[in-house]
Amino acid sequence: MLARCALALICFAALALFAAKTLRVETDFSAFLPPSATPEQRLLISQLRDGLVSRLMLVALHGADEKTLAQASRALAEKLGHAAEFDYALNGSLDQFAAQAEVLMRHRYALSPQINAPHFSAPALHAALVEQLDQLASPFGVLSKATLARDPTGEFLATLRQLDPGAMPALRRGVWFSGDGKRAFLIAQTRAPGFDSLRQAEAIAKVHGALAALYPQVAVTLTGPGVFAAESRRLIESDALRLSLCSALVILAMLLFVYRSALPVVLVLTPVAFGLLIGVLVVQALFGSVHAVTLGFSATLIGEAVDYPNYLLLNTARGETARRAAQRIGGTLLLAVLTTVASALALTLSSFTGLAQLGVLTMVGVMVAGLTTHRLLPWLLGDRVLEFRRLDVPTGANIARARWPGAIAATATLCGALWLGYMHPAWWETDLASISPVPPQMRELDSQLRREMGAPEVSFFVASRGASEAAALQAGEEILSVLQQWKQGGRIRSYDSPAWYLPAPATQAARLQALPDTAALQENLLVALRGLPFRPDAFTPFVQDIAAARMEPPMNRASYAGTPLGAKLNALVIELEGEWLVLTPLVGVNDPKLLAAELAAMPAGKSSLVDLAQISSQMVAGYRREALHQTGWGALLILLLLTVGLRSPRRTWRVTAPIAAALVLTVTLLVAGGQRLGVFHLVALLLVLGVGLNYALFFERPPADAAERARTRLSLVVCSVSTVATFGFLSLSATPVLHAIGSTVALGALLSLILSALWARPRISEMHV
Amino acid sequence: MKMRPSSMPALFIALMALLVAITAHADNFDLARLMQLLTLSPEGEVAYTEKKYSSLLTEPVVSSGTLSYRRPDTVEKNMVSPRKERFRIAGEELIVARKGIENRYPLSSQPLLSAFAASLRGVLGGDAELLRQHYRLKLEGEEQAWRLELTPLDDEIARYVERIAVSGRGGHVEQIEVRESGGDRSVLQVR
């Protein structure tokens, strides 16, 4: 026996070593996003993964006086602006815009919307100069003087005014602050896409490190999609580890209490270990990597896989070898494994990578655990008879024989089903955020900071398409007149068009062509200066700049290299699937339907309104539909398996009825507790189905005698305690996914056990079949 | 009567004493005294003429209007000629009314704005503490002809304003000269 154990150990160690060497864990949450059918959905996914919004990090400094916070804000912006992890860090201060302002100043004649030929005629120039004279004499003259000689017609200001984002945080001491002056704000754009949690974690560490070195007394709060990704990875990892450890300890303690001997405990853990390890390896082989959520889920496999060896060992009679017991209960065990595999099979076929991984892990893990229990354990033990004290579990015969608990359960189930039917579909989750593993408190903090900053969340944008970048920019420009009308009518709060700072090449060329040649300009200027106190040569720089602008090639993306606007352009003017897209984010849209219709009615018809919330809820609905279909097919398959395996419709009914009731009651209790059912709840219900059917099958197996009945009772109590312990701990997790699965399965398993005990036990008359 | 020679030194001493007393009085005119005088001067409205000198101009641009101060912190500059324009600093805001459009800027938003407001409020209200937050102060002259020079402490402001020189008589401000960093300057003269 020792030799066999050593062999098994060596096999296991080799597998474990292999796994440790090759395992690649990824946390891209979009693995749990549905593969998107429509272009809009693909756009949404690409935006969520690595779009502009996904890269923005919100930094709030607090815990010091206003002056210190303002200094810390400037120092931090300077430091992050030069860090490799960030494209830029903005804090509202003017000097930050120096590099960007230089680009805008240099290309003002290509950018300014007010440029046309009459703009430089003598009367227009005269009017502009009179206005400049007023400015010069005002207290703000000190500001306008800086550009007056080069730009008397005010193109630079016109360009800047156009770029004014409208809603911005309040300024104090020249940097962004909350209204009450308690928090200083920065917005940083990370180089890493939002989903890359590892590099996002590096960016977060950079902020903390920089601030600790500069202003250790200032506290910092960070939010944003990337921060969420990093934080949820950390949470999932620590939760999965901590909670798995807790449940493992509880299970170990229970096993030691039940068996009072080390060998059976080790034997019980063997199938779990093999199942988990091989399951993870198969997932890795099929998908190339294992998702962190899948790994977190592996904890749930423990709860189920540990049932089989327990059932086997606790069912061995005194003096019986494990091999004989395995033969005796083999049929039931096989059916139990097959039903769980059937429930997981549905997931495996899912088109979502994340769900498919969960399915494969469960399926392979359960099969391996079942096989190990049925074959490996008896082989390891050989002819050795395991001796351990068999606990006696009270039969509760009075309750079991009484009819009223069953009747109450049936009534409750019926009421629950009716109530759920009445409330449908209010209890389905429609928010895509429910899929994200971010705890609600973090999302709340994020929206609170956004409110304080006056930076509303973008829920709409216009996508303008084109075969080339130039064509897309042209399409993006065509919508500006519509958007401007809507803004003036107060039907849009603000919009932010990339076409403002990167006009289509044709628009730029038209503006530059409208510039007069040097001789004509000088002549007009001479006339315009008449009667004004300006020195005759005061505007030589202006004449030179216009001459230079006429020679300039059109500006492009590269003109903005290294500036915040450049980073923004890269996020808003994108190539997706061989097509160019210009994205114009909108804030505060009053009547999305009307706007969508107006955009669709435009002659070119290249722009459409993208409603992020609507697309995401469509996606969730599609996601749920698929999960429901799969659950349905899985349930049908299980029913078929049971009918064939049990060879009796009546026994099939006895096994399935309590589990169906348990599922209904679980959903009722969850919904009554205020939860909305999302995809992860459905997955968890599939698990309940698998685990619950195991119980019902074990209960239903007609026992030979009273001793066997006692053994069945004990094994079932042990199984259910381990399941409830595992999933109960999981329900403590702050990560929504793990919490949903944990609470659903713990509740479902408990209800399954109780209802199986009430309904699935064979009638006395059938005892000796 | 012939003066005794011995009385000559006595007279000299008396004259010296008087001189010293006068000088001592002049020495007594310091920043605290100026601030006290400014604090005591009545609120009200005065007419002004402002001349803006710039390297871009052949002759200065002249404007005129009224300047008024109300305790504790309201300063209003009403330009009447060559056009109507109103700058009003009140509470935490600068309000600019120009061409029928009113714009409001929170003073705390930009250092330049808060320094600009502080220079007017500090001088007109006699608030040395407020002035010292933004400027280095240098006082010259005597009570009836003083000149107070404000040099910005903050580099951010020094980028635009080199110094502000305020001169006056007793508790009355007579002239405010702002010298910009580029060499341009404006001189506001109270009439």
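What follows draws every value from the coordinates through simple rules; no lab data is involved. For clarity, every value in this text was computed on a predicted model and none was experimentally measured. Heads up, the Cβs are rebuilt from the backbone with ideal geometry, glycines too, and the neighbour counts pull from every protein chain shown.
Ordering A:Cys246, A:Cys415, A:Cys719 from the fewest to the most neighbouring beta carbons within 10 Å gives A:Cys415, A:Cys246, A:Cys719. Placing a pseudo-label 7 Å from each Cα along the Cα-to-Cβ vector at A:Gln114 and A:Ala158 gives an inter-label distance of 0.6 nm. Of interest is the spacing of the C-alpha centroids, which for segment A:282-348 and segment A:526-573 amounts to 72 Å.
Values of log10 I(q)/I(0) for segment A:180-252 across q = 0.27 Å⁻¹ run -1.18, by the Debye formula with one identical scatterer at each alpha carbon and no solvent. Relative contact order of chain A, taken over Cα pairs closer than 8 Å and 6 or more residues apart, is 20 percent.
Between A:Arg535 and A:Ala600, what is the FRET efficiency for a Förster distance of 56 Å, r being their Cβ-Cβ separation, to the nearest 0.05? So, using R0 = 56 Å, E works out to roughly 0.50. Going from the residue with the fewest nearby Cβ atoms within 10 Å to the one with the most, A:Lys21, A:Lys487 rank A:Lys21, A:Lys487. Here each label is just a point 7 Å from Cα along the line to Cβ, and for B:Glu45 and A:Ser617 those points are 5.9 nm apart. Projected label points at A:Gln522 and A:Ala561, each 7 Å from Cα along the beta carbon direction, are separated by 3.6 nanometres. With helices as the sole contributors, chain B gives -9500 deg cm²/dmol at 222 nm; each DSSP H run of n ≥ 4 counts as -39500 (n - 2.57), and the sum is divided by every residue.
Cα centroids of segment A:726-756 and segment A:109-152: 70 Å apart. Hey, with R₀ at 51 Å, roughly what FRET efficiency would A:Gln327 and A:Ala426 work out to, going by the Cβ-Cβ distance, to 0.05? Working from the Cβ atoms, E equals 0.50. In segment A:627-769, Cα pairs under 8 Å separated by at least six residues give a relative contact order of 33 percent. The Cβ shell under 15 Å around A:Thr735 holds other residues with a net charge of +1, Lys and Arg each +1, Asp and Glu each -1.
When both segment A:75-94 and segment A:223-241 are represented by their alpha-carbon centers, they are found 24 Å apart.
Put simply, the amide H of A:Gly588, placed in the peptide plane, has neighbours under 5 Å in A:Ser459, A:Arg493, leaving out anything fewer than 5 places away on its chain. The residues packed around B:Ala118, meaning those with a beta-carbon under 12 Å from its beta-carbon, carry a net charge of -2 if Lys and Arg are +1 and Asp and Glu are -1. How many percent of the alpha carbon pairs in segment A:681-762 exceed a separation of 18 Å? Within segment A:681-762, distances greater than 18 Å cover 42 percent of Cα pairs. Rounded to 0.05, the FRET efficiency of the A:Arg318 and A:Asp383 pair, given R0 = 22 Å and the Cβ-Cβ distance, is 0.90. For A:Val462, A:Val482, the sequence from fewest to most other C-beta atoms within 10 Å is A:Val482, A:Val462. All other residues whose Cβ lies under 13 angstrom from that of A:Leu473 are scored, Lys and Arg at +1 and Asp and Glu at -1, for a net of -1. What the Cα convex hull of chain A gives, in volume per residue, is 186 Å³.
Given their separation in residues at 0.36 nm each and the Cα-Cα distance between them, A:Ala6 and A:Ala219 gain 71.1 nm when the chain is fully extended. Note on segment B:30-190: Rg/Rh from Cα positions, Kirkwood definition for Rh, rounded to two decimals, is 0.94.
Ellipticity at 222 nm from helices only: DSSP H runs of n ≥ 4 in chain A, each -39500 (n - 2.57), divided by the residue count, give -21000 deg cm²/dmol.
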